[in-house]
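Scroll down for the structure; my scribbles are underneath it.
The values are calculated or read from the model by the stated rules, or taken from the named source; none is laboratory data. The structure displayed is predicted, hence computed values, not measured ones. Cβ placement follows ideal geometry from the backbone for every residue including glycine, while neighbour counts extend to all protein chains displayed. All accessible areas refer to the heavy atoms of the entire protein, side chains included, with ligands and DNA or RNA removed. Shrake-Rupley method; radii C 1.70, N 1.55, O 1.52, S 1.80 Å.
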Amino acid sequence: MTPDFEEKQSGFAGVLLWIFAGTVLFMFLGLHAFWGVEGRWAETAREMLLTGEYLRTVFNFKALPYQPLLSYWQQIPFIHLLGVEEFAVRIPGVLTALAGLAGTFILARKIFDRTTAVLSSWFLLSTYGFLFWSRTVSAEITGMAFAVLGVAWFICAENKSAWIKYPVFYLLLLIGASAKGFQFIFVPVLFLIPHLFSEKKWRSCINAAHVISLLSGFLLFLLPFFLAELEVCGSFLASFKTLLISEMLCKIFSFGGGRAAFFSCLSNLPRLLLPWTPFFIFALIAAVKKRKSLDRRYFDFFTGILLLIIFFTVNPPQRWYFILPLVPFCCIFTASMLCREDVDPLFGYLTVFMRWVVVLTASLAFAAPVMLPVFQMMFKQLPPVMIVLALPLAGLTALIVCIMDNEPGNKIEYLAGIPHPLVSTVLGTAILSATVFCVIRPGMTVYRTGKPFIKSIAPLLSNVPPANIVFYGTDDIAEFQFYLNRKHPVTLLENGEMKGFLKRIPGEKVAVFCYVKSASYASFIKESTAAGIAPAVLKPVRLEPGRGNKKWALFLFEVPSVQKSAGEKKVQQNTLNIK
């Protein structure tokens, strides 16, 4: 980067970034069906709204204590305003993702310069970790956003009054912890330790405003959990003891059990940083090579990232993606090493290689329509129209960017605020990444059978009492409850419980769901037969199409009023009063 590059940048650089971010994050946001954990997060928020229980999470209309609440609270108003739809529950993730992007830009500009801020923001916007989780119903992107916002505020507010700096800082940490749990607070605090020890800045933290803000934030974080526990046990002291000892301390200082392997962070951080993982690795190598010439800013940033990696290695999280808050800091550090005047030659070779990868990928995407006959011959159908249209358009756009970035000083370089030849590599990668996560992934939902199957069986359940809708051998009920917008719990039975359940409801209709390819399927048939259900009746009335491991089978039958037991006929009266 030339020394005067930042002065020649167009003011449109930031505008282009935000236009692109807003477009790709909201594009087809509600088109694809739930994936993985999304259904449970969305259904919990819906049930909290339906029951009016806001201090405890609710699943299958049963209150569960001690869960982070903000990640559900932020979805509730959108469900109330927009209805029970995927788009409504995904909006909070997109909004917090944009806030995290803003925090990344602000932090990078404050510590380094505007070019680093623009480049690191484009890096973050095109990473797998950011694009995937910002469009997923969960708390991961919320934790990431408030981690970087907390650090950005702390550094930007160094010259402000302590009575403004610390309350806002701990408020941001409180919001993140309310979404991801108390352990989240370690992320921004650990990252800031090198900065605080730089020039003995930690001394400025020893004051009444800091202590009061810390205690107030901690008590405010505990308040909703305390109120929920108080509602259950009715005792102030018992509530505080249960919450502080059983819940808080055990979670904070728990190591090992039920967690990922110790190398989880080292193996999964590169995954979250894709496709910029090679650049981050080269940035670490360049920092080590130039350690004697790096000023304090680079050293503090590098040390902060290293402390977070050590923390997640010593205390591995329960899920690999809990390390997502590291991603913005890694993007900023990578961009800062690329924007130095004495940039390492390694980056030159890597940038050229990555540029040719972009050109090749974009060319294949542009030529994708040529392969339609081959696709149809292999899969006996054409891909979704939106994918057929999006691939050549994205490929053409990326190729145009690469052609325009033919030499230093070109227009696109200053419009985007990224120096040549990085601009074509970065913008081309961002376009292709956005196409994958924001167009192709939603478009592929036509091949998923879960949501259409659930919608199709709704009429079959109209005459079945709510308590007689059974999920056998699984509690995977979230999508069923959400898509049908049900207002009653279903019955969850484990292996060995079906026979007793059927004997309690003679003469009533029963609907049973279980996975076809599971041990529960055979167990259900065996137990139902033992309970007096004729084998001819135990045939699925509806099977979810496909050959995956998690495909539903629906059994619908009426329990006989007269059943045989030990060779004698016993007439059982229905004692359940289900409306």
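Given 372, 382, 391, 399, which one is open to solvent by 80 Å² or more (accessible area, probe 1.4 Å), touching a helix residue (DSSP H, G or I) at 6+ places or on another chain (Cβ under 9 Å) and not polar (S, T, N, Q)?
Just a single option satisfies the conditions, and that option is 382.
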When residue 30 is run through (1) touching a residue at least 60 places away in the same chain (Cβ under 8 Å); (2) surrounded by 20 or more Cβ atoms within 10 Å (Cβ to Cβ); (3) of a type in the set (Gly, Ala, Ser); (4) over 30 Å from residue 410 (Cβ atoms), the failure sits at (2)
Of (1) part of a helix (DSSP H, G or I); (2) among the hydrophobic types (A, V, I, L, M, F, W, C); (3) touching a residue at least 60 places away in the same chain (Cβ under 8 Å), residue 343 satisfies every one except (1)
Of the residues in the stretch 311-341, those that are hydroxyl-bearing (Ser, Thr, Tyr) and farther than 10 Å from residue 120 by Cα number 2
Taking the stretch 130-173 and keeping residues surrounded by fewer than 19 Cβ atoms within 10 Å (Cβ to Cβ), closer than 16 Å to residue 104 by Cα and not small (Gly, Ala, Ser) leaves 155, 156
**OP:** Would you check if there is a residue in the stretch 489-505 being open to solvent by 20 Å² or more (accessible area, probe 1.4 Å) and either hydrophobic (A, V, I, L, M, F, W, C) or within 28 Å of the chain's Cα centre (by Cα) (or both)?
**Re:** yes
Those residues of the stretch 145-179 which are among the acidic types (Asp, Glu) and closer than 22 Å to residue 223 by Cβ amount to none
Review point. Within the stretch 84-103, can one find any residue that is over 16 Å from the mean Cα position of the chain (by Cα) and among the basic types (Lys, Arg)?
Key: no
Residue 104: passes all of (1) surrounded by 21 or more Cβ atoms within 10 Å (Cβ to Cβ); (2) among the hydroxyl-bearing types (Ser, Thr, Tyr); (3) at pLDDT below 95 but (3)
Scanning the stretch 466-482 residue by residue, the ones that are within 25 Å of the chain's Cα centre (by Cα) and in contact (Cβ under 8 Å) with a residue 40 or more places away in the chain total 8
For residue 176, the lone unmet condition from (1) without any contact (Cβ under 8 Å) to a residue 12 or more places away in the chain; (2) open to solvent by less than 40 Å² (accessible area, probe 1.4 Å) is (1)
Within the stretch 269-327, restricting to residues that are outside any helix (DSSP H, G or I), open to solvent by 60 Å² or more (accessible area, probe 1.4 Å) and in contact with a Phe, Trp or Tyr (Cβ under 9 Å, 6 or more places away or on another chain), the one that is modelled with the highest pLDDT is 274
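Quick check on this structure: which one of 232, 211 is part of a helix (DSSP H, G or I), modelled with pLDDT of 85 or more, open to solvent by 60 Å² or more (accessible area, probe 1.4 Å) and not basic (Lys, Arg)?
On the way: 232 fails: modelled with pLDDT of 85 or more.
Exactly one of 232, 211 is part of a helix (DSSP H, G or I), modelled with pLDDT of 85 or more, open to solvent by 60 Å² or more (accessible area, probe 1.4 Å) and not basic (Lys, Arg), namely 211.
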Condition set out of contact with any His (no Cβ under 7 Å at 6 or more places or on another chain) and of a type in the set (S, T, N, Q), scope the stretch 404-435, selection surrounded by the fewest Cβ atoms within 10 Å (Cβ to Cβ): answer is 406
If we keep only residues of the stretch 39-93 that are part of a helix (DSSP H, G or I), under 28 Å from residue 469 (Cα atoms) and among the basic types (Lys, Arg), then the residue most open to solvent (accessible area, probe 1.4 Å) is 40
Residue hits (the stretch 347-367; more than 11 Å from residue 432 (Cα to Cα), open to solvent by less than 60 Å² (accessible area, probe 1.4 Å), hydrophobic (A, V, I, L, M, F, W, C) and touching a residue at least 60 places away in the same chain (Cβ under 8 Å)) are 347, 350, 354
